[in-house]
Every structure is written in structure tokens, then in C-alpha cells.
1. Rounded to the nearest 20 debye, what is the charge dipole size of the chain about its Cα centre when +1 sits on each Lys and Arg Cβ and -1 on each Asp and Glu Cβ?
2. In degrees from 0 to 90, rounded to the nearest 10, what is the angle of the helix 24-37 Cα long axis to the longest principal axis of the chain?
3. As a test of understanding, state the convex hull volume per residue of the chain from its alpha carbons, in Å³.
4. Under a 5 Å amide H to amide H cut-off, with H placed in plane at 1.01 Å, what residues pair with VAL254 once short-range neighbours are removed?
5. State, as an integer percentage, the relative contact order of region 250-299 based on alpha-carbon contacts under 8 Å between residues 6 or more apart.
6. Rounded to the nearest 10 degrees, what's the angle between the helix 120-129 long axis and the longest principal axis of the chain, both from Cα atoms, 0 to 90?
7. How big is the shadow of the Cα convex hull of region 232-343, averaged over all directions, in nm²?
8. Could you put LEU255, LEU22 in order, starting from the residue whose Cβ has the fewest other Cβ atoms within 10 Å?
Amino acid sequence: MLRIHLDGATRSRLNSLRRSDLPAMARDRIVMVFLSDAGWSPPRIAAHLGYHPQAVRDRLRDFLGRGTAALFPGRPGRAPDLDRRDAVARARTELLGEGRTWTSRQLSEALAGRGIAIGPRQTRRYLKRLRAGYRRTANGLKHKQDPAQAERAGRVLGNLRRKAAAGRLKLYYLDQCGFSPTLPVAYSWCLPGQRKRVAYEAPQGRRVNAMAAYRPYGGPPRLEVFTAERTWDSYDLLGFLRALAWSKVPRVVVLDNASLHTSKLVRQARLSLAAAGLYLYYLPPYSPELNEVEPVFRQVKYQEIPVRSHTTRAGLREAVEGGFDSYRRKLRRKTPGQLRPAA
């Protein structure tokens, strides 16, 4: 009869292992060894633990041959091909870094062109291991900006933020945003098997425009908004700037180079604005990521207006103003330390 005889050192080591956190299969194998040492036959051990007798014999022989290493089950099948896995990871990373979109099938076909034959399902497994996501694409302008100008503007804005946090000036970020009768596609929770359908309304002549100045630093955050059912002109911008809250310290307004912001009328008014303690700082071209009012527009447009379609311009304007009011209420509950840090 197959039987195991344990010495004192091995028995002590197995008892120590039993008190540790082990997989259930490893714990069963230790019990098999102890029962065999106690004189139990393999069929009796199998009946007690719910195994086949031949499986118990195989485990006991394995223990006699390899010792405690036989207690821990190995992974079935061949050992993983680490070189192939690294080659797939490198090729996959290079392909995802290209300036185009990919589906799992397209990636599978591109990998096949590099001598790596894996199907779309296995490609998705590799993508999950990379923690890649299948996400909606976004437009960007970074490829058009001057890196040196953007870096210099970042340093200037960092200095302005520090002064604003210290109370030495008021820093505003200003821009305009348009809202169409049918707002952009957004995400929503739905009942099982259903999908939200938003009634489409043509945007021609029914847009509502908002002009906003956002002050995130130096005290409670502040958001000034003006909406209209028409396009803006330079007189609107100057009126909006002059309506900003007066302050004993200088007020700096950060804005982009849109034609509305750089018109002849605005250039001529800069001296009078400076005399009133209000200064304009223009961002370099194609640098929307430096304007901190842009995330405000995105939050309002995608999250704060739950009704996504409007049949009248007056109804749309009311919804837009309600969205900004909702975001403004959330700002009041935040402290400066909770605001999104600037990039």
C-alpha cells in the first residue's frame, strides 16, 4: 500500500503551512499527506475528501518525488511564451499610438501584417491587459500650436495663479460658447435593453450663445455668465468686461485670439480698461487647454442640462441659464483646494 512516513522537520513545516493562507487544493493535499502518514489508505482518503482514489495516489507519489513543492498546483498547459507576449505588447502599443482609429478586428489584421497571428477576441484580451479603453475620440489643436509659445504662456499663467491665490490680483478666464437646440450626445443610465433617444432639432438660426468669465482662484470661485439669442460683437465683450466686479487689486482677464477679442474696437479700449484696473492677457494660438473656462463649458453642456432637445430658442436659453446656475451652485460648495488643478 502506498504510504507516506513524515519526519519531525517535515511534519512541523506542513503544520506551519496549514496555518497560512493557502488555496483550497493545496490545503487538501496537505490533509492527504497527514492522513497517509496516519496509516489511511488512498481509497479511504479519497472517500473522506471526495476525490478519486487514483487522484490521491498521484498526489502522494508527487509529494514523495518533489516534497512540499508538490502541494501547490501548477497552471495547466504550456508555460506562457513571454517573448511573444512582449512582441505583441510592443506592436500593439506602436499601433495604438498612430493617429488613426482602431477596432479589435483592424488591430488583429495589422498585427497579422507584422507576423503576429491572433484573432480579434485574443486582441481584446491583450488590450484589457494593457488597460486600454474603447472611448469616443476627441478633436484637438495641439498639433497646430507653437510649443515654445505654449510653454511660455504656461509659465506666465502659473505666476498669475500664484498671485491670484495670494490675493494680489483677480484672475478671470473668459470665452464664448454656443448651444444648439439638440445638445451633443452624452451618456445616461437606461433601463435594461433600452437606449435613450433624443429628438433631433435642426440648429439653423436657433442657437443660444453664452459669454462667461470664470475666476477659480483667490477666494470662493466665481462664474459670471451672460446669454443671448444672437451672435456677439465687440460692444458686447467690452460691456461684459466693464461689468466684472470692481476690485482694489488689478483684474487680469485671460482670453484667446478670436476675432471678437482682437477687433479694432477692443484694441482701442485696452488703455481705458487698464486705467480702470482691468488688463487683457491673450493666449497663444490653438491653446484652448490653457483656458480654464473650457472645462466649465464642457460640464454645463454635457452634464448640467438633462433635457437634451429643445423646440424653441427661448426654451433652450432658459435651459442654458439653468445649467450655468446649477454649476454655479456646485462651485459655492467647493473650496479653492478642491478645484481642478490647472494643467
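Values quoted throughout were computed directly from the atomic coordinates according to the rules given, and no laboratory measurement underlies them. If you're wondering where the values come from, they're calculated on a predicted model, not measured in any experiment. All Cβ positions, even for glycine, are placed from backbone atoms using ideal geometry, and neighbour counts span all protein chains on display.
1. That gives the chain a dipole magnitude of about 600 debye.
2. 20 degrees
3. Residue-normalised Cα hull volume stands at 271 Å³.
4. Amide H neighbours of VAL254, under 5 Å, 5+ apart: TYR172, TYR173, LEU174, TYR281.
5. Contact order relative to length: 49 percent.
6. That helix lies at roughly 80 degrees to the long axis.
7. Computed as one quarter of the Cα hull surface, the answer is 8.9 nm².
8. By the 10 Å Cβ count, ascending: LEU22, LEU255.
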